[in-house]
Structure formats: C-alpha cells, structure tokens
Amino acid sequence: MEILKCKELTKTYGTGENAVHALDHVNFRADSGEFIAIVGASGSGKSTLLHLIGGVDSPTSGQVIIDGTDIVGMPERKLSVFRRRKVGLIYQFYNLIPTMNVLENIMLPMRLDGRLPEKEELAELTDTLGLTDRLRAYPGELSGGQQQRVAIARSLIYRPAILLADEPTGNLDRKNSEETMALFRLCNQKYNQTILLITHDENAALQAGRIITIEDGKLMKDEVTDR
Amino acid sequence: MNTSLTYAWSQLKASKKSALFLLLSIFLSSMLIAAVCTEAFLGWQREGSYLRQKAGDYHASLRETIPRDSLPLIGENPEVEAMLLQTDWEYLKLKDTKRAYITISRLNQEWWDSMPNKSLLKEGRIPQKNGEIMINTQFFTENTQYQVGDTLTLPAGMRVLDGKTLEYGTMGLPGETFAPSGEMKVTITGIMDMEGVSDYPCYTAYGYIDRSEPFPDTNYKVRLRLSHPRMAYEIMPQIAENLNLHPDADGAWPVSYHENLLELYGIKDPAQPESSEPSPYLVFGILGTLGVILLFVIIIYNAFSVTARSQLRQLGILKSIGASPGQIRASVLWQGLLCALLTVPAGILCGFFLIKGLIWSVAGSRTSTDLYSGSDLTAIPASVPWQLLLLCAAAAVLTVLLSAWGPARRLAKLTPIEAVKETSPAHRKEGIKKIKSGKIRSRKSGAKKPAFRKPRLAARLFGYTGELAENTLNTGKKAYRATSLCIGLCITLMIGAVGMLSAASLSNRIELSYFWQNQKIMLSTVQDPPQEMLEELKNLPGLKSQTVYRRVLSGISLTKEQLHPDFISAGGFAQESQGLGDYYDEQTPFLPVMLVGLSPEDFAAYCEANQIPPDVIQNIRDEQNPSVILVNRPDGSRRATWDKYQIADTPYLSLLPGDRIDITEKTSADQEGADGKNTVTIAAVTDTYAGIDDDAYPFNLEILTTMDHYRHMMNSYTMQGTVDQYTCYIGQSFDETAGLQETKEQAEKIVSRWYGEQDYLVRTVQDEHTEFDEAINATKTLAVIFSLFMGVIGVSGAFSAVSGSIAARRKQFVILRSAGLSPEELMRMFRIESLLLILTPALISAVLGLFTILLSAKLFYYPTVTGLLASMPWPLMLALIFLILGSVFVTYTLCGRIVSREPIVETLRKELG
C-alpha cells in the first residue's frame, strides 16, 4: 500500500543568480512497511528531502502526500498535529529536551495532544528499547546510544506511519550503531514501520531493503537490495 | 500537567541565571506599580481625610443665614441626609476677667459630629445639652478662679461701636460698648485647645442645640450633607429657591459647595466646564502605572528575547515533534507567568510597604506638614482595598505578558528546522541583505569576499584582541540591549534628576539671597510694638537694617490710559513668560496692591532717602485728606524677582502727585463680600521699594503710607476681624557674619518678654530654605533610589546576559585558544568587550544627563551652569556610577576566567556534541 508520494518536490534557497536548488523536482514513492536508505554526498539534499517529508520544512513547489494527505500548504496547526501523530523524526544529535527526563521526553508527542500512553504499550516500548530502568534519568546522564534510543522511543510512541531518521548513527560508536540499526530493523519488522534512513554508513545502508541515491538535489538511483 | 507548562517550569529550573534577571525585573516592576497606585490611593484618601477633618464632612452650605422658622423646609427635604446648624455669634459680658466677653455660637449634634470643632477638645467633654459650653484655654489660664463644671449666668448681647454692631472676630476697638439683650446661663463642660491673640477681647465658646427643645430664635448658618452628592449642583439651587433666597445678577445662587471634597469624588460643577479635569490622583495613578509598564516592557522584552533565543533549538525540537504554534507561544508565556507568580505578590507587598515607609520616614508622625497639606498621617488607614492590589497585580502580569508576547510570537512562526538549526528568518534576511549590498557574495556566483576589512576603532586602540572583542560584542548585541538600557537609564536619571533637583534648591537659595530681609518677626497685635523692644532688636549682632510695618493686600481699578506708555511699550502684561499676565485685562486693569503702613521712623527714613519734601510728608499725615506714596514700578521688576519674571524696570502707571485713587479691600475684580474702600490722594511718586519682602507677583503695585493712616484705612474694611490686617511685621536684614539660627533665638528671647507665644512668630530665610530642601531631598532620595533600582536591574541583567553569552560562545573561545590565543589574551579580549559594552550607554547617558543640567539651569532662572555643577553631590554620584559600571567589568572578568581555564579538547568534544 502506498504510504508516501513526493511529486516534483523542489526546494530552492535564494533567488536569481544566487539561487541554490537543494532539491530539484524529485519524484519518489514508498510503500507501507518499506525500509529505505537514502545516501549521497554532503550537501546533496538528503536531509532536505527528509525534512520536507517530515513537515518540518516547506518546499518551494511540489507535493508530499502521506497516507493520502498532501501536507504541502497545510496550515501550521494541522501540520503540527500531523507531525505528532503521523511522523517520527530522529536526528543525528538526538535533540532531546535536556530539562525533561527520559519518560517525559518519550511521552512528549502524546502529551502535546493532551493524552497519556497506555501503560502496557509504554512498558513494551521502553522494554524493547532497553530504557525501563532509566526512565527518571535526564539526557545529560545518558550515553550517546541511550539518548538515541530515547529519541527512537519518542518517535515511536504514537506508532507513526513513517519513521524518518537523519544519520541516526552518525554520532555513535560501532557497537551503538549496530544496536541502533538493529532497533530500526525491529521496528520495521515488528510494527511494520515505514523507515526512511539517511546514512553515510555503507553497512547501515545495506541493511535497508531499498537504497536511494541523491546527488545535487536530484534522485539519481533507486535500487532494491538483496536483504 | 499541560505540556507547555511542564516545559516552561523545567526551563526555569534549569536556567536560573536568566530566570534571576527576569524575576528581579518582574519584582521591581510590580513593586513600582504597587508603589504608584498605593501613593495615588493613599494621597486621595489623605486628602479626603484631611478635608473632612479640617473643613468638615458636608457637601454644600447656604451663604445666607436662615431664620429658625425656615429650617424645616431644609430638614424635611428627602435629598438632605444631614443638616448641620450653627447659630449666629452672641456675646456674654464677663466681670473681673482679663478679657471682657465670651463669644458663643451653638451647634447641633450633626454639626458636632461632622465638623472639626470637636477635635479642639483638650479636657473635659463636648457639650451635649442646652446651656453646656466648651470654652478656650485662655479663659482658664487668664482667670484661674474658673474651672470645668462651673455655671455662670451672664448678660447676653452684642458689641457696638458708633451705633454699628461689631462683627464676630473684630479686635478690641476704642470706644466700643456692650448692648445687652438678655441673659444666658452656661455650664462649662470642656476646655478647647484654641488661643486668641491678645488684642481680641473675647474668649471663644461653643454650645449645644438640643433638638428635643425649641431651637433658639435666631439665624442659623446651614451646612448640608446630601443623600446623593453627585446631584449637589442641582439640588442646592432648588433648596435655595424653596427658602425664597434669590440669585445674584449673574444668576448664581447664594450657595457654596465643598468643592475640594466633591471634586475628590469626581463631582464637578457643570457650570464650569474648565474645571472638568480628572482627579490628579487618578491621573497620577494611571499615567504612573502606564509609565512603569512601558519602561519594564522594554526591559523585560529584551530579557525574554534572549531567553527565548537560547531555547531556540529546544523549541524547534518541540515543533518538529508536533507542538503547535499556540503551544510554542504558551511555552514562552508560561515562563513569564511562572516568574510572575513567584514575584508579583512579593513585589506588590513591597511596593505598598515602601510607600508607607517613605511617608512615615519623610513626613514623620508630625500632624502637620506642607508636604502633605497638614493631614494627620496617623489617621491614614493601614491598608488599601484588596481590589486595588489585585489591579496592581493584573497590571504587573500584563507587563510580563506584553513583554513575552513578541518573542513568543516570533518563535511560534519559525519553521521547526530553522529553530533546530538555530537559524532564524532574521538571520537569513540579514544574510540576503548582505548579499544584496555586495558585502558578501555567494560562492556559487564565483565572486570573492574582500580579503581584509578596514580596521575599526577598537582594533586601532587595542590591536587584534580589540577587533575580536568588537566582533563578538556585535554578534551578541541584542542580548545586551536590556542591560545597556538599564545602565543608561540609571546614569541619566541619577545625573539628570539630581541635577534638576539641585537646580531647584540652588535657585531657591539664590532667590532668597536677593531678599532685603533675611529675618522677619510677625506680631499679632493692633497696638504698636513697644519702642524698648524695637531698640533691643536693633542691637542684635550683625543687623544692617530693621523696618517696622503693617501690610495688607488690596486692589485698585484703573483705566487703560492710566497704564504708563513705557510699561505698554515693554510688552505690558504679556512680558511675563509664565502666562500669569493672562489674568490681567489691559483695557480695564485691576491691579493687586500691597498697601504698606510704615512705622513713623521708617516712613521718615524712606521719605528722606527719596527726597520727598517736608510739606508733602505733612500732607500725608493729614487725617482729613489721607495721602499715599505710589512706588511706580511693577513688583516683578525687583531684583529678587527679575530673573523669574523678566519684567522691565519701567514706570508702571501714569499717575501723578495730586491724582486721587480708590484703594479697595477687594484683591480681584470679582471678589465678593469685600466692599471696603478708601479714596486717597497720591502725595508722591517714587521708583524705590520700601525694602520689605513679601510674596511677589509680577504685576503687584506697592503703595506706602504711615502706620496710623493704615490703621485708619482698615476701619473701612468689612473683614475687620482678619488678624492679617492687624499683624505687625519687623523685617530685619543681617550681614554675613550673623548666624541666622542664633539671631532667630535671640530675637525670640527678646520678643517673648513682651508677647505670649501665640502672639508672635520669627522666621528666617534659612527656615524657608530648610523646608524647601526637605521636600527636595525627599524627592532626590526617591530619584536616586529609583536610579539605583535601574542600576541593580542593569547589573543583574549584565550578569545574566554576559554569563549566558560567554557560555553560548564557549565553542568560539575554545577554537580561538586552540588556534593560539593565550588565556591572558582571551581575558584581555573580555575586558575590552566589557569596556565597549558599558561605554556606549555611559557616554550617551552622561550627555543626556548633562543636557538635563543645562536645561535645568535655564528653567530655574537663577543658577548658572557652573554654579549648578559645583552644587551637585558628584563624589557620591560618581562612586555609584562607577560601582554599577564596574560590576559589568567584574562579571566579564569572573566569567572569562572560568572559560579561559577550561581544557580545550574536552570543551570542544562537549560543544561539538
């Protein structure tokens, strides 16, 4: 089932001779449950694509249709609800709220909706991510790998349609990187999460079912892997 | 708990330094708002309390006395809440007493309850039945055979002179007699704390009108308290009409209103639209509060901007995971509200107690002070209504919300990725502006950035570390805005306010130094002061001159032709710059006249000094043809007042010796009830003042005569009882060797041997200046306190901004160090940055402050700029200013020391994530 479609997606900074085309008429689609790696050189437009799909940036032109809804041009209030419920965004530098503890960070998307998660669901999530005994700790007291797991838990609390990860292992050592990738595979298999993952790590990319290569804002290659 | 609230609370706990600045600013703003509102309210209450205490709790009175039989027409009127009655004054003839009479007026219960008479009671009790009286102290001190409880039966009647009844308050006049009309039995129940001057032949007493008995058959003075005071101006004319009273030629009913009290309640005379101004207390309260709100919105807005900016990334994260714009706004607003919750109640209470404390410390517990119009401060309620405090709290919270709204709204508008990457549209716009202006070109276009920029002032003065300091300061400019503003305000206020107040004080001192007389003795006596006493006073050390005189303000009505052409050419009444000349009509001028009666010796000396021929002097003394000397100069041209009023020293009137003029009891053309008049001949015209100082108004006229003539002229004035007309002045001028405090004590010692304590008063210019300075110093203290508050806010803001800014730029400093900048050079950079930070506000505010000083010197006429600068308390002010500026420097040094000692690699690792 198609979960994501990008049509003629373009993002341009500046105007005239100073214009920079971060994304140039990108067309792209993904089905539900796909694990897609996005690779490319620095400045190629990978992160821009991810941010546009996640609704945290707005395109110059084009469409982003997620689960049947075009989010381009959506009013900010509706878009924020969309970000809460439909998309999970994971950054390279975790981007946790340093003044909230692990549990508060994980529950943040639901709390923004004025809701609390079911205890069983929350317990299952934190168990799966190995965070059960660190719920009262603050981000400053966690290792890099633990912080990334908190960021993953936060992105999964609402069981979003799509999980977007922007170089999630870029700041981790090998062991934590492997563990993080294992978590992504688990989410993909257990929750049928559609995952778009930006990575420079070839090994990490090969763990995805599909690799998309972006260069100078254009989609150059789209290949299925042997996984 | 609401997510925005949770986030806000966690942020406040985590960033205590920036929260401290916010907390302090909010505390101070709420304290000032409460102080302003409390002072406005208490001032309003004080005035109301004073008016009711001193002038009575009533709304209006009838100017004509009402016969007994007409009283029910008033009392039964449903609009009348209370009818206060006082009978006409009667005299009771005494025997074997120092003074000849008791003068008595009887009051009903409503009058006793509402008017200040009862506060005169010193001992005993106030009358409660017919026949009971309360009488003044002197009755007992001058006649020791009497005491409280005594009953006297005395002839009742009136004092008469030449067939005319003498009015209440008339001094003892030669030839007066007593015309009895009956008898009165009185019982003394109380002693009144009230003294009459020695020349007044009566002891004053108040009696009681018992409503259970028939009212005395006499006329009554009536005052009314109305059920609906807002309708006072409609009801009173109706009451007057019902009593068959008649309006005057202008249609005005014989009704007086307790205008001051009515205006305090916002009740204005609709016939006088020019009086429809709002209460000054209300204006002060509203404008003062708005001023505080505006000032602190500016200060706290910048603090919020810095705080919000430091949370940009986190708020971006919240946005990226689904926080709506409203939730982002709420996160910032909640931070402000939480700070307000913690500090506003404390600030409100402190503001309230600050004003209470200031009132008590400045005015003390004196029951009478010029500063507070003689109100009894002990009567002021201890509290203000809770509604007022709530209003103050609401205003303080509004200040916080207004301050936070802008930054909150801006943040809510950012896209999540801009916030996460900590790049705002403002930055991008700035970048595009630089692109368009050609300062920076995009790499893509191939153009190159200029290799070197021109070195700026800091670089030229301090080298490369100066350039680094200036660059880093410029990038963090916004963070320091609040600090710069507060420091600038502190310095400007301190210099400017202190300068202006010093100018007022110096101006007063200089003005007083121009006076001819630096000591004045006032005697309440109709008789001439004893010659022996005058001779003793002349022997006071340092005395240069002494003038004995009486004086009363009168008036003269002239025609336009009687104004001198030179006076008209110089500008006439328009010469006066403050607009006081607008009260004079050049077509039909009515001038206030200071009618002065000089002692024989002083009159002779004046005539000799002005070469007035002996025959003229003889004429002046002619009782059949009273004459006067016209001092033909407007009062405002005197040296003491010239700087203030700038009136040209020209002849004033075109009158000549031999002209006849009418000197009236009226001091203004529309004054009612002062019908006395004397027609006199001008015996001589001079241009020299008699060397006496009195309240000078620019267009008063001085007319001199002998003291005997003066007394004779007073007989025609209807207000014969006015003590002022019968006051004798002894004006003395001492040289610089005399200490005025000593001369005052010596003069008092001499005078007290002839006069009772209640009959004289000695005042020096030093007394005038001291009282003026007390008021000035109180205001100066407030101004310095307020400027110090601003300084404290500035310093705390500096601490917050500087430490926050240095922490935020840690990566930058550690990279500089890794590139080779030594710790000492880094510290030097911080010190230069601190100097650059404080220099701009210090210079601007110093210039503004000095400008205020120049303006003050111009406004207050007398002081020169150099004189004013010399009179200001520079050591204290400079010490405070350097303390405040130094605090910023110390903050930089302390924070810089921490940063300069951090290990490079670990810091880099931490900062780079």
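The values are calculated or read from the model by the stated rules, or taken from the named source; none is laboratory data. Just so we're clear, the structure is a prediction, and the values are computed from it rather than from any experiment. A quick note on method: Cβ atoms are made from the backbone with ideal geometry, for glycine too, and the neighbour counts reach across all protein chains shown. When the accessible area is computed, the model is the full protein with side chains, heavy atoms only, and any ligands, DNA or RNA have been set aside. Shrake-Rupley method; radii C 1.70, N 1.55, O 1.52, S 1.80 Å.
List of remarks:
- Residue within the range B:208-224 that is more than 19 Å from B:Glu90 (Cα to Cα), of a type outside the set (S, T, N, Q) and either in contact with a Gly (Cβ under 8 Å, 6 or more places away or on another chain) or outside any loop (DSSP other than H, G, I, E, B) (or both) present: yes
Residue-wise test of (1) assigned to a helix (DSSP H, G or I); (2) under 22 Å from A:Met100 (Cβ atoms).
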| site | (1), (2) |
| --- | --- |
| A:Leu125 | yes, yes |
| A:Gly140 | yes, yes |
| A:Ala151 | yes, yes |
| A:Tyr158 | no, yes |
| A:Ala165 | no, yes |
| A:Pro168 | no, yes |
| A:Cys187 | yes, no |
| A:Leu197 | no, no |
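- The single condition from (1) open to solvent by less than 40 Å² (accessible area, probe 1.4 Å); (2) assigned to a strand (DSSP E or B); (3) more than 8 Å from every other protein chain (Cβ to nearest Cβ) that A:Lys5 fails is (1).
- Close pairs (6 angstrom Cβ cut-off, 6 or more residues apart or separate chains): within 20 Å of B:Ser545 (Cβ to Cβ) in the range B:599-619, hydroxyl-bearing (Ser, Thr, Tyr) anywhere: B:Asp602/B:Thr547; B:Phe603/B:Thr706; B:Asn610/B:Thr686; B:Asn610/B:Thr688
- Among residues that are in a loop (DSSP other than H, G, I, E, B), open to solvent by 50 Å² or more (accessible area, probe 1.4 Å) and within 20 Å of B:Glu213 (Cα to Cα), B:Gln128 is included.
- Test: B:Leu5 is touching a residue at least 60 places away in the same chain (Cβ under 8 Å), open to solvent by less than 10 Å² (accessible area, probe 1.4 Å) and either of a type outside the set (Ser, Thr, Tyr) or closer than 30 Å to B:Gly336 by Cα (or both): no
- Selection within the range A:193-215 - open to solvent by 40 Å² or more (accessible area, probe 1.4 Å) and modelled with pLDDT of 90 or more: A:Glu215
- Residue tally, condition open to solvent by 20 Å² or more (accessible area, probe 1.4 Å) and over 15 Å from the mean Cα position of the chain (by Cα), over the range A:169-185: 9
- Selected residue [among the small types (Gly, Ala, Ser) and more than 13 Å from chain B (Cβ to nearest Cβ)] from A:Gly88, A:Gly16, A:Gly55, A:Gly40: A:Gly40
- Flag if A:Arg77 is closer than 28 Å to A:Gln147 by Cα and modelled with pLDDT under 85: no
- Complete set of residues in the range B:757-773 that are open to solvent by 70 Å² or more (accessible area, probe 1.4 Å) and touching a Lys or Arg at 6+ places or on another chain (Cβ under 9 Å): B:Leu761, B:Gln766, B:Phe772
- Among residues of the range B:582-593 that are hydroxyl-bearing (Ser, Thr, Tyr), those with a beta-carbon under 8 Å from a residue that is modelled with pLDDT of 80 or more at least six positions away or on a different chain give the pairs B:Tyr584/B:Phe573; B:Tyr584/B:Phe590; B:Tyr584/B:Leu591; B:Tyr584/B:Phe699; B:Thr588/B:Ser557; B:Thr588/B:Leu558; B:Thr588/B:Thr559; B:Thr588/B:Lys560.
- Where B:Arg99 falls short, out of the listed (1) touching a residue at least 12 places away in the same chain (Cβ under 8 Å); (2) closer than 19 Å to B:Thr187 by Cβ; (3) crowded, with 16+ Cβ neighbours inside 10 Å: (2)
- Taking residues in the range B:450-463 that are over 14 Å from B:Leu835 (Cβ atoms), and partners anywhere that are assigned to a loop (DSSP other than H, G, I, E, B) and at pLDDT below 50, the pairs with Cβ atoms closer than 9 Å and at least 6 places apart or on different chains are B:Pro450/B:Lys439.
- Flag if B:Ser10 is among the hydroxyl-bearing types (Ser, Thr, Tyr) and surrounded by fewer than 18 Cβ atoms within 10 Å (Cβ to Cβ): no
- The one condition from (1) in contact with a strand residue (DSSP E or B) (Cβ under 9 Å, 6 or more places away or on another chain); (2) farther than 26 Å from A:Ala137 by Cβ that A:Gly88 does not meet is (2).
- Among all positions in the range A:94-117, there is at least one residue which is out of contact with any Gly (no Cβ under 8 Å at 6 or more places or on another chain), over 11 Å from A:Val150 (Cα atoms) and away from every other protein chain (no Cβ under 13 Å).
- Yes/no for A:Met74 being within 9 Å of chain B (Cβ to nearest Cβ) and in contact with a helix residue (DSSP H, G or I) (Cβ under 9 Å, 6 or more places away or on another chain): no
- Condition broken by A:Met220, with the remaining ones in (1) surrounded by fewer than 18 Cβ atoms within 10 Å (Cβ to Cβ); (2) in a loop (DSSP other than H, G, I, E, B); (3) among the aliphatic types (A, V, I, L, M) satisfied: (2)
- Among the candidates B:Ala240, B:Ala156, residue that is within 26 Å of B:Val526 (Cβ to Cβ) and either of a type outside the set (D, E, K, R) or modelled with pLDDT of 90 or more (or both): B:Ala156
- Every condition in (1) surrounded by fewer than 18 Cβ atoms within 10 Å (Cβ to Cβ); (2) of a type in the set (Asp, Glu); (3) over 37 Å from the mean Cα position of the chain (by Cα) is met by B:Glu90 except one, and the failing one is (1).
- Pairing residues of the range A:4-23 that are on the phi < 0 side of the Ramachandran plot with residues that are aromatic (Phe, Trp, Tyr), at Cβ distances under 8 Å and at least 6 apart in sequence or on separate chains, gives A:Leu4/A:Phe28; A:Lys5/A:Phe28; A:Cys6/A:Phe28; A:Leu9/A:Phe28; A:Ala19/A:Tyr13; A:Val20/A:Tyr13; A:Ala22/A:Tyr13.
- Qualifying residue in the range A:161-168 (condition: away from chain B (no Cβ under 14 Å) and either at pLDDT 85 or above or buried (at least 22 other Cβ atoms within 10 Å of the Cβ) (or both)): no
- All helices (runs of 4 or more DSSP H) inside the range B:1-102 with 2 or more residues being away from every other protein chain (no Cβ under 14 Å) and touching a Lys or Arg at 6+ places or on another chain (Cβ under 9 Å): B:16-55
One line per residue, one yes/no per condition, for (1) touching a residue at least 12 places away in the same chain (Cβ under 8 Å); (2) of a type outside the set (S, T, N, Q); (3) touching a helix residue (DSSP H, G or I) at 6+ places or on another chain (Cβ under 7 Å); (4) open to solvent by less than 50 Å² (accessible area, probe 1.4 Å):
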position	(1), (2), (3), (4)
B:Ile133	yes, yes, no, yes
B:Asn143	yes, no, no, yes
B:Gly149	yes, yes, no, yes
B:Gly157	yes, yes, no, yes
B:Gly163	no, yes, no, no
B:Glu167	yes, yes, no, no
